[in-house]
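These notes are about the structure you will find just below.
The values are calculated or read from the model by the stated rules, or taken from the named source; none is laboratory data. Note that this is a predicted model, so its numbers are computed, not measured. Don't worry about glycine lacking a Cβ; one is built from the backbone with ideal geometry, like all the others, and counts go over all protein chains shown. In case anyone asks, the SASA skips ligands and DNA or RNA and just uses the protein heavy atoms, side chains included. Shrake-Rupley method; radii C 1.70, N 1.55, O 1.52, S 1.80 Å.
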Amino acid sequence: MKKNRVNLVALVVALAVIVMAIIVVASGTETYATFWALVPPIVAIGLALITKEVYSSLFVGLLVGSILGSSLVFNDDGDVVSYAGSRVTNTVDHVVTDGLIDAVKGTAGIFLFLVILGIIVSLINKAGGSAAFGRWAAVHIKTRIGAQMATFALGVLIFIDDYFNCLTVGSVMLPITDSHKVSRAKLAYLIDATAAPICMIAPVSSWAAAVASYSDGTGMSGLDLFVRAIPFNFYSLLTFVFIIGIVIFKADYGSMAKHERNAIENGDLFSTEERVEGSQYEANEKGRVIDLILPIIVLIAISVFALVYVGGILDPENSNYGNFISSFADTDATVGLPWGAIIALVIIIAYLIGRRLITFKAAMESVPQGFIAMVPAITILTFATSLKNVSNDLLGSAKFVEAMMKNAAPELANFLPAVIFIVACLLAFATGTSWGTFGILIPIVCNMFEPTNPLLFVGISACLAGAVCGDHCSPISDTTIMSSAGAQCVHVLHVSTQIPYSVAVAVISFICFLIAGFVQNAVVCLIIGAVMVLAFLWFMRSRAKKANGRK
C-alpha cells in the first residue's frame, strides 16, 4: 500500500512537471542557458529518489528537457534561433536523435569496454580464479574489518580508470565481503568512494589525461597543473580518511547502519525485496589465485600501453612521439580502453585455455554472459548520457553555470575556492558527469587567476574535488552506476545509503577550501580536515552506542 502511494505521488509529480514544461515553452519563456537548463536532471534525480526506480525517472527527465528545448534550434554559428515547426515532432526528435542516438554514439567505446570487462569477469569465474581468491581470503582475511580494508586497498591499487576499478574490485571482492556479511550497500560505497577519488589524484590515469586535455590553452602544462593541484584535493583525500575511520571505528550511521546490522544479524545482504542476481562463482578446483591476478595485470598493462598508443607515442609525425607523459595526457580513453581490453581478452582466453581451466566452447559462452551482465549498467548509462546531452548541449546548462561563475568571481576573492567547490558539486550532481563538470570549469578557473597566483592550484583542486563529490552523490553518474553493477547492488539503494557519507565529507571539504583560500598550505588544511573527519565519526559512533543502549 505504501509503495502504491509513493508511485502515485511520483506519477502526479511527473505529470505536473511535464505540464509545467509545456506551459513554459508555450509562453515563450527563454529556456536556453537559464535555470530551466538544470530542471531536467533535477527532475530525474528527484523522481529516482522518490520511486527508487531509475529507468523511468531518467526518461521523464529526458522528456522534460526535450520539451523545454522543443523551440530551440541552432544556426551554423551555434547561436539559438527560433523554431517554427511542430513542437511535438521536435520534442520526439530531441528524445531520439539528440538524446538516445547521440548517447549511444558518444559512449560506444565505453559500452564496448564494459562488455569486454563483463566477459573477462565471466572467464575468470569459470576458470575458478575468483573461487581460488576466495579460498585464499578465507585463510588470510578473517574479519569484517579486514574484508572492507582489503576492498579499499584493491581499489587504491587499480587507479588507471574508474570503470575498470568499479567492475574489477566488485568482481574480486564480492565473494569475500559476502562471506563476512558485509552488506551490498556497504560494498558499493567502498567501491564508489575509492574509484573516482583515486583516479583524481593519480597522475597516471584516464582522469589525469582528461584534466590535462581540458587545460589546453591555459598557458600551462595540463599534467603539471593536475599534479600541483593534488595536495589541495580535499574531498578525494579526506574520503580515504573517512573510509578508514568508518571501517575501523565501526561508525556506520543513517540507512547504511540499518543495512549493516541486517547483514550481520540476519545474513541479509540487501535488506530490500528487490535483489540483484549476479553470476555464480564456479568452484573450479584447478583455479589458483594467479588465474585472477595475472589477467588483471595483463589488462592493466595493455590498457596503459593502449592509452599512450592512442595518444601518439609511436607516431613519428605526432608531437608526443616517444613521450609517455604527453601521450597519456593527449589520449582518448573511450578509444584506448576498449583497444587495450580487446587485446587483453584474446591473451586471457589463450592463457586460460592453455592452462586447461576452460574449453574454447566455455570461453565463447562467456561472451553473451558478459554482455548480459552489463545490460542494466549500459541501459542506465544510455539514459543518463541522453539526459546529459539534452541538459548540456541543447539547453545550455554549461553556459548558464559559466555566466554565474564569471559574474560572481570579482567579488569573492579568497572565498572563491569554496564557491568553486560548491558550484562544481551542484553541476556534477545535476548532470551526473565529473569530466563534463571540470571540462566546463577548468578554463574558467584558469582565467580567474594569474599563473603565479597560488590560489590557481587551490581553485583547480576545488573544481576537481567538487566534480568528484557531485559525481559521487548523483544517481545518474556513470561511476555510481558502475559501482552498483560491480557490487551487484540495487542502484537506488546504493545512492540513498551513500549520500549521507558523501555529504559529510563534502561539508568538511568545504571548510577546508574556506581555510585554503586564506592559508595556501595543503598540509595544514589536510590535518584540520582529517581531525574533523575522525571527530565526526567518533561522535556518530558514540551517538549510535547511546541509542542502542536506550533500546
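With respect to the chain, whose longest principal axis is taken over its alpha-carbon atoms, helix 333-354 is tilted by about 10°.
The local environment of Lys250, defined by Cβ-Cβ distances under 12 Å, has a net charge of +3 under the rule Lys, Arg +1 and Asp, Glu -1. Which whole-angstrom value gives the distance between the alpha carbon centres of the range 156-178 and the range 358-372? Computed from Cα coordinates, the inter-centre distance equals 21 Å.
With all protein chains present, how much of the accessible area of the chain (probe radius 1.4 Å) comes from carbon and sulfur, to the nearest whole percent? That share works out to 66 percent. Helix 522-550 and the longest principal axis of the C-alpha atoms of the chain enclose an angle of approximately 70°.
Compute the long axis of helix 254-266 from its Cα atoms, compare it with the longest principal axis of the Cα atoms of the chain, and write down the angle in degrees, 0 to 90, nearest 10. Tilt relative to the chain: about 20 degrees.
Sorted on the mean count of surrounding Cβ atoms within 10 Å across their residues, most packed first, peptides 182-190, 136-144, 423-431, 464-472 read 464-472, 182-190, 423-431, 136-144.
Can you compute the label reach from Tyr351? Point 7 Å from Cα along the Cβ direction, backbone N cut-off under 19 Å, restricted to the range 145-189. Residues passing the 19 Å test: 154-155, 157-161, 164-173.
For the range 483-551, a/c is not less than 1.5, where a ≥ b ≥ c are the root eigenvalues of the C-alpha gyration tensor, and a/b does not top b/c. That puts it in the oblate class. Which of rounded, prolate or oblate describes the range 113-212 when judged by the alpha-carbon gyration tensor and an a/c cut-off of 1.5? It comes out oblate by the Cα gyration axes.
Each of the peptides 244-256, 167-179, 22-34 was scored by the mean count of other Cβ atoms within 10 Å over its residues; in descending order, highest first, they stand as 167-179, 244-256, 22-34. When each of the peptides 362-370, 310-318 is scored by the mean number of other C-beta atoms lying within 10 Å of its residues, the order from highest to lowest reads 362-370, 310-318. Among the listed pairs Lys181/Lys545; Lys105/Lys126; Lys126/Lys250; Lys126/Lys181; Lys361/Lys388; Lys142/Lys258, those with a Cα-Cα distance over 29 Å are Lys105/Lys126; Lys126/Lys250; Lys361/Lys388. Solvent exposure of the chain, expressed per residue, is 41 Å² of accessible area, with all protein chains present and a 1.4 angstrom probe.
Would you mind working out the magnitude of the charge dipole of the chain relative to its Cα centre, with +1 at each Lys and Arg C-beta and -1 at each Asp and Glu C-beta, to the nearest 20 Debye?
About 2720 debye.
For the chain, the mean residue ellipticity at 222 nm estimated from helices alone is -24000 deg cm²/dmol, where every DSSP H run of n ≥ 4 contributes -39500 (n - 2.57) and the total is divided by all residues, rounded to the nearest 500.
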